[in-house]
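One structure below.
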Amino acid sequence: MDYRNGEDSGKHSTVYRFFSCTGFSVMHHEHDDPHETTSDGNGGGGHSNGNAPGPDTVKWWKKWHAVRVNGMACKNPLFVQADDFFYSGLHIPGDTQNSNGYGYRVNPVTVYQIPGLNTLGLSMMRIDYGLYGANPPHTHPRATEILTVLEGTLQVGFITSDPQNRLITKVLQRGDVFVFPVGLVHFQRNMGLSNATAIAALSSQNPGVISVTNSIFGSTPPISTEILAQAFQVDEKTVHLLKKKLIHV
C-alpha cells in the first residue's frame, strides 16, 4: 500500500505513495532523521517502522488537500468503501426515442461513475439502438474499444488513417465481437427489424468522445461558414442548414 523514498541531503525528504483503485495519492514530508521515532521509541511519530508512516503522519495526511491524478481527486485509502468500486444500472434499457436525434443511447461506466477506476485504464458502456438508430461517426482519443452485440444486428466500422482512409466494416449478430482501434473514427448502426443492444469495453478509465458532426458543425464558437464550405466543397447555404440541424440534436 505504501513505500518511501529518502534523500540524503540535510533534512531528509520522505515521499509516501498510497495506492488504491481510487487513485495514486502522494504526500511529501520533511524530517530530520529518516528513521526517527517518538519519545516512546516505537515510531509513533513520523515513522512507525522505518518504512511506513506513523499516526502523526497519517493525521497530517488526512488534513492534506487531495491529490489529483488524471484530473480526478484521489481518495484517502483509509476512507475507501465498496461503493467506490460499484455501479448499478447496465440492466436498464436506454431511451432511444427521446435521446439525441440519432436513435441511440449510451450508458457509460467510467471513472465518473466508479471512482475506483482511476488509474486502472479501463471502462465500459451499454449502448441501445432503436430501429435503424445509429451511433454516428466519432472517436475515442484515449481508448481502444471492443464491442459485443447482446441483441439485434449491427453494422459497424472504422476508417483507417491518412492517406489510405480505408473503411473496415462488418455486420454483427448476437454474440459477435468487433474492435475499434484507439483514435480512429468509427460507427455503429442498427440494421435489424427490432431494437439492438451492445456492451463495449474501453482501454481507459476516461476514454473521451469526439463526435465528428457535432465537433465540426456544432462547435462553440462556430467554425466560420466560409471555412466549412471550402473544406467540404459545398455552398454556404448547405453549411448553414447543417449547423441549424445540429443545434437541435
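Checking each residue in region 207-249 for being hydroxyl-bearing (Ser, Thr, Tyr) and out of contact with any helix residue (DSSP H, G or I) (no Cβ under 8 Å at 6 or more places or on another chain) picks out Ser211, Ser215, Ser219, Thr220, Ser224. When Phe217 is tested against the conditions (1) within 24 Å of the chain's Cα centre (by Cα); (2) crowded, with 18+ Cβ neighbours inside 10 Å, the lone failure is (1).
Listed here are the residues, each with its yes/no results for (1) farther than 20 Å from His138 by Cβ; (2) in contact (Cβ under 8 Å) with a residue 60 or more places away in the chain; (3) crowded, with 18+ Cβ neighbours inside 10 Å.
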residue: Asn165; (1), (2), (3): no, no, no
residue: Arg174; (1), (2), (3): yes, no, no
residue: Val179; (1), (2), (3): no, no, no
residue: Ser204; (1), (2), (3): no, yes, yes
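Here is a yes/no grid of residues against (1) out of contact with any Pro (no Cβ under 8 Å at 6 or more places or on another chain); (2) in a loop (DSSP other than H, G, I, E, B); (3) over 24 Å from Thr213 (Cβ atoms); (4) acidic (Asp, Glu):
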position: Gly121; (1), (2), (3), (4): yes, yes, yes, no
position: Met125; (1), (2), (3), (4): no, no, no, no
position: Pro137; (1), (2), (3), (4): yes, no, no, no
position: Pro141; (1), (2), (3), (4): no, yes, no, no
position: Leu147; (1), (2), (3), (4): yes, no, no, no
position: Val156; (1), (2), (3), (4): yes, no, no, no
position: Asp162; (1), (2), (3), (4): yes, yes, no, yes
position: Asn165; (1), (2), (3), (4): yes, yes, no, no
position: Thr169; (1), (2), (3), (4): yes, no, no, no
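Filtering region 87-116 to residues that are part of a loop (DSSP other than H, G, I, E, B), of a type in the set (D, E, K, R) and surrounded by 14 or more Cβ atoms within 10 Å (Cβ to Cβ) leaves nothing.
Checked against the criterion of being within 19 Å of Thr169 (Cα to Cα), outside any helix (DSSP H, G or I) and touching a residue at least 24 places away in the same chain (Cβ under 8 Å), the candidates Gly183, Gly208 yield just one match: Gly183. The conditions of being in contact with a strand residue (DSSP E or B) (Cβ under 9 Å, 6 or more places away or on another chain), farther than 24 Å from Phe232 by Cα and charged (D, E, K, R) are met by Arg142. When the residues of region 61-85 are filtered to those that are of a type in the set (D, E, K, R) and farther than 19 Å from Leu122 by Cβ, the one that is modelled with the lowest pLDDT is Lys63. For region 186-198, a tally of residues being part of a loop (DSSP other than H, G, I, E, B) and closer than 9 Å to Gly133 by Cα returns 2. Of all the listed residues (Ala200, Ala196), the sole one being within 19 Å of the chain's Cα centre (by Cα), small (Gly, Ala, Ser), modelled with pLDDT of 95 or more and buried (at least 18 other Cβ atoms within 10 Å of the Cβ) is Ala200. Would it be correct to say that Leu147 is in contact with an Asp or Glu (Cβ under 6 Å, 6 or more places away or on another chain) and crowded, with 17+ Cβ neighbours inside 10 Å? Answer is no for this residue. Taking every residue in region 227-239 that is over 11 Å from Phe217 (Cα atoms) and pairing it with any residue that is surrounded by fewer than 12 Cβ atoms within 10 Å (Cβ to Cβ) and at pLDDT below 95, at least 6 positions away or on another chain, yields no pair with a Cβ-Cβ distance below 8 Å. Is it true that some residue in region 117-125 is modelled with pLDDT of 95 or more, under 24 Å from Val171 (Cβ atoms) and either acidic (Asp, Glu) or buried (at least 18 other Cβ atoms within 10 Å of the Cβ) (or both)? Yes - at least one qualifying residue is present in region 117-125.
The values are calculated or read from the model by the stated rules, or taken from the named source; none is laboratory data. In this text, all values refer to a predicted model and were calculated from it rather than measured experimentally. Note that we place each Cβ from the backbone using ideal geometry, even for glycine, and neighbour counts take in every protein chain shown.
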